[in-house]
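This report concerns only the one structure given below.
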Amino acid sequence: MKGRTESLEFLYNLISVFPQGIISFDIEGSVTLLNQAAKNIFKIEGPIHDYIEQPIQNIVIATKLESIVNAILFEKRINKEIKELKIYDEYFNIVIRKITSGTMVFINNVTALIQKKNDALQSIIEGQEIERKRLAKEIHDGIGPDISTIKLGVEGLLMKTTDEKEKAKLQNISAQVSEISNNLRQISHSLMPSSLLDHGLASAIENLIQKLEISNQLQIQFSTNIDNGNTSIETNTSLNVYRVIQEAVQNSLKHGQAKLIDIGLHKKEDQLQLIVEDFSSLTQEEKLGEGIGLLNMKSRIQSVNGQFKAGFKESGGFKVAALIPIHND
Ligand SMILES: Nc1ncnc2c1ncn2[C@@H]1O[C@H](COP(=O)(O)OP(=O)(O)OP(=O)(O)O)[C@@H](O)[C@H]1O
Ligand SMILES: [Mg+2]
């Protein structure tokens with residue numbers, strides 16, 4: 001028997017120093033094993049043996065794991081892997097294994113990993129924004145003036161010409177150059193929504209809507225409770241929200257031929273909720289095409305620690321929803 005006690009003690013010692021959180025409980029739900037890492041994860045106080053042979057609910061109460069533990073006790077058999085479960089302010093990957101005498105739960109803290117992933121996404125997005133800003137500037141300050149010079153040249157020729165046919169041709173060229181110049185200006189503005197930084201997110205969205213409504217003959221309803229002086233939304237979040245709206249509306253136009261789009265942007269305590277929905281006749285029967293728009297939207301929202309969902313509505317049409325944590329002021 002001595003050998004068995006020694007190996008058990010060895011096992012207990014090993015588990016106690018494991019960086020991974022480990023808990024086990026029997027079929028009645030009494031804790032049989034708990035290590036320091038698990039104690040830290042659940043932020044519970046006091047010596048480990050205070051929890052042994054006590055109900056597992058004492059430990060997992062007030063966490064999302066409680067409902068899973070209850071399901072295990074109720075259903076008797078569960079093997080499960082949960083990815084990126086948020087417990088308090090951190091993220092965990094959890095492996096639940098049914099063993100003969102009960103259940104073992106292994107918990108890995110993946111907060112740092114998620115943070116790294118989000119940081120990487122953030123740098124990609126920031127890189128894209130820098131490049132867009134550069135392009136916008138290049139078009140606005142470089143090609144824009146070049147075109148103006150051409151227009152001036154054509155107008156100079158127009159003044160000198162007396163031949164009516166020549167005049168008509170030159171007028172035509174001048175009109176085309178003006179159109180190119182207007183288009184370029186629009187491209188430059190959409191690459192860098194300057195109004196976003198100058199007048200706040202709500203204004204920038206209103207500007208965007210105005211342009212979209214004019215050029216696409218559609219109606220966009222926008223409701224918000226955010227005033228432009230709002231300081232609780234960081235510029236970075238604003239820019240990401242703006243880009244998500246841009247892409248969602250483009251998708252509604254491109255795939256749903258939408259004539260009516262609803263945009264809602266609401267601050268609810270310490271969260272910002274964005275919803276963009278259209279009202280086409282398309283439903284979930286439709287197969288999604290392969291693009292990068294939805295993926296980009298998701299990355300953008302995740303890069304500011306938010307949650308993102310998109311899909312067809314039962315009643316027809318497409319809905320994009322995001323929930324982003326913001327600080328409360
Ligand atoms: N508003 C919408 N109405 C109908 N289908 C949509 C809508 N938004 C997205 N989809 C579907 O989801 C797919 C993926 O959208 P996503 O924006 O990722 O790609 P895309 O628009 O096809 O291409 P890209 O955005 O890369 O130019 C689309 O191909 C389409 O099938
Ligand atoms: Mg798209």
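Data for the structure
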{"item": "Crossing angle, helix 235-256 versus the chain [Cα axis fit, 0-90 degrees, rounded to tens]", "result": "70"}
{"item": "Trypsin sites (Lys or Arg not before Pro) restricted to DSSP loop in the range 1-95 with at most 12 other C-beta within 10 Å", "result": "Lys43, Lys76, Arg77"}
{"item": "DSSP-loop GluC sites (Glu not before Pro) across the range 188-272, with at most 16 other Cβ within 10 angstrom", "result": "Glu234, Glu269"}
{"item": "Centroid-to-centroid separation of the range 282-329 and the range 97-125 [C-alpha atoms, Å]", "result": "23"}
{"item": "For Ala258, residues with placed amide H under 5 Å, excluding near neighbours", "result": "Leu253"}
{"item": "Rounded tilt (10° steps) of 144-160 against the dominant C-alpha axis of the chain", "result": "10"}
{"item": "Cα→Cβ-extended label distance, 7 Å offset, between Asp146 and Ile124, nm", "result": "3.2"}
{"item": "Cα centre as origin, Lys/Arg/Asp/Glu Cβ charges: the range 194-329 dipole, Debye", "result": "300"}
{"item": "Size of charge dipole - the chain - debye, nearest 20, with Cβ of Lys, Arg +1 and Asp, Glu -1, no other charges", "result": "660"}
{"item": "Signed unit charges on C-beta, dipole axis of the chain, positive-most listed residue Leu135, His189, Val304", "result": "Leu135"}
{"item": "Restricting the range 211-291 to trypsin sites (Lys or Arg not before Pro) in coil, as DSSP defines it, with at most 16 other Cβ within 10 Å", "result": "Lys259, Lys287"}
{"item": "For the range 19-25, 3J(HN,Hα) per residue [Karplus equation, 6.51 cos²θ - 1.76 cosθ + 1.60, θ = phi - 60°, Hz, x = Gly/Pro]", "result": "x, 7, x, 10, 9, 10, 9"}
{"item": "Farthest toward positive dipole pole in the chain [+1 Lys/Arg, -1 Asp/Glu at C-beta], among Ser315, Leu8, Gly153", "result": "Leu8"}
{"item": "Rounded to 10°, Cα long-axis angle of helix 111-137 versus longest principal axis of the chain", "result": "0"}
{"item": "Average Cα contact separation per residue, the chain, under 8 Å, 6 or more apart, as relative contact order %", "result": "11"}
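Only the coordinates and a few stated rules stand behind these numbers; no lab work does. Computed from a predicted structure; not experimentally measured. Positions of Cβ are backbone-derived with ideal geometry, glycine not excepted, and every protein chain shown enters the neighbour counts.
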